[in-house]
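Peer 1: The structure's right below; bear with me while I get my questions together.
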Amino acid sequence: MGRYNFAPQRVHQAATRLLQARETGRATIASQPPPPWYTVIGNLPPSERLVRPPLQPAQRKGRKASKLFQPVKLQYPEDQLRLDFFGDHPWELARPRQILEDDGKDYQKFDWSQLDQPTKQVDGESLVQRQAWLMGLPDTYPAYTKAGAYDKARKEFYEVRHTQEIERRVAREEALWTGAEFGPSPLTVGMELEDQKYEEWREWAAKEIMAYKQLSGSSGSALDQDSPLDPVLDADVLSAMEEVEPSVPGSKRGQTAQGGAFVHA
C-alpha cells in the first residue's frame, strides 16, 4: 500500500462497473435499481480515510520546577515613591551621594519629622523617607495622601536646595574677596579645547589645499612651480578660509553644511 489510500474514492467506480456488468447480463439476471447511496457518493465522494483514527490519550509532560530556585521579588513601599521622584527630577541621580554606613543602623538615627538630618546630606532618598513618614502618620494627626505628602516633602526639598545654593554663592564671593583664585570653569575649558581643535583643523585644511594645488600643477594647470606656496598669500586659500570661518562649531549658529576647504582625492 502506497503513501495515499484512494480506495474510498474508487467505491463509486467499482459500483458503476458492477451495475454495467449487471445490465450486460440482463437476460440471465433480473435488473436491479442502483442503491440509494450511489448518487450521493457520486456527488460527494468520501475523503481519504473512512475510518476515524482511535483517540490517543494525551501524554502529560513532567512538571518542571522552573521557579523552584528563583528568588522571590522583593518589593518595598518606597520603591514607587522613588520612581515618582526621580522620574520628575532625573538630574538628582547625577549628584554625588554618600552610601557608606558605619553600623548599618542609620535608619534608627534619623527622625523624619524634618527633612534635613544632622548626619546625612539631603538627597532624593531623604525626600522619599520624608514622604513615607508623612503618609504613615497615626490617626491623631492630619492624614496625608500620596500626592499631598509628595507636594509637602518636595517643597521642603526645594527650600533646602535653595539655601544650599545661596551658601555656595556667598562662600565663593567671600573667597574672591579675600584673594582666592579659582581655575577656569568646565565651560571655559571646553571652549579652549574646541578652539584648539579648530586651529589644528585650520592648519590641516591649509596643507590639504597646498597638496591639491601641487597635484593640479603637476597635471599641467596654470600654477607656477617657482612661486611660493604660502597659504596666507594665496587668494584662493584666503577665500576658502573666509567661507568656512563664520560656520565654526563654537559659534551660536553652529556648523553649517555649506562651504569648506578642498577635500583631498
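Peer 1: Which of the residues that make up region 127-138 are surrounded by 14 or more Cβ atoms within 10 Å (Cβ to Cβ) and out of contact with any Leu (no Cβ under 6 Å at 6 or more places or on another chain)? Quick ask: steps written out before the conclusion?
Peer 2: Taking region 127-138 and keeping what is surrounded by 14 or more Cβ atoms within 10 Å (Cβ to Cβ), we get 127-135.
If the condition is that a residue be surrounded by 14 or more Cβ atoms within 10 Å (Cβ to Cβ) and out of contact with any Leu (no Cβ under 6 Å at 6 or more places or on another chain), then 127, 129, 132, 133, 134, 135 are the ones that fit.
Peer 1: I've got another one for you. Is there a residue being modelled with pLDDT under 90, over 17 Å from residue 96 (Cα atoms) and in contact with a helix residue (DSSP H, G or I) (Cβ under 6 Å, 6 or more places away or on another chain) anywhere in region 141-158?
Peer 2: yes
Peer 1: Of everything in region 126-175, what is β-branched (Val, Ile, Thr), part of a helix (DSSP H, G or I) and under 18 Å from residue 84 (Cβ atoms)? Give them in sequence order.
Peer 2: So in region 126-175, the residues β-branched (Val, Ile, Thr) come out as 128, 140, 145, 160, 163, 166, 170.
Retained after the next criterion (residues that are part of a helix (DSSP H, G or I)): 128, 160, 163, 166, 170.
Listed by number, the list holds a single entry, 128.
Peer 1: Residue 115: within 20 Å of residue 80 (Cα to Cα), modelled with pLDDT of 80 or more, loosely packed, with under 14 Cβ neighbours inside 10 Å and over 34 Å from the mean Cα position of the chain (by Cα), yes or no?
Peer 2: Details: within 20 Å of residue 80 (Cα to Cα): yes; modelled with pLDDT of 80 or more: yes; loosely packed, with under 14 Cβ neighbours inside 10 Å: no; over 34 Å from the mean Cα position of the chain (by Cα): yes.
Answer is no for this residue.
Every residue, every condition in (1) among the small types (Gly, Ala, Ser); (2) touching a residue at least 40 places away in the same chain (Cβ under 8 Å), yes or no:
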{"site": "68", "(1), (2)": "no, no"}
{"site": "87", "(1), (2)": "yes, no"}
{"site": "101", "(1), (2)": "no, no"}
{"site": "107", "(1), (2)": "no, no"}
{"site": "116", "(1), (2)": "no, yes"}
{"site": "129", "(1), (2)": "no, yes"}
{"site": "135", "(1), (2)": "no, no"}
{"site": "144", "(1), (2)": "no, no"}
{"site": "147", "(1), (2)": "yes, no"}
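The values are calculated or read from the model by the stated rules, or taken from the named source; none is laboratory data. Note that the structure is predicted; figures quoted are calculated from it, not measured. Here Cβ is always computed from backbone atoms with ideal geometry, including for glycine, and neighbour counts include all displayed protein chains.
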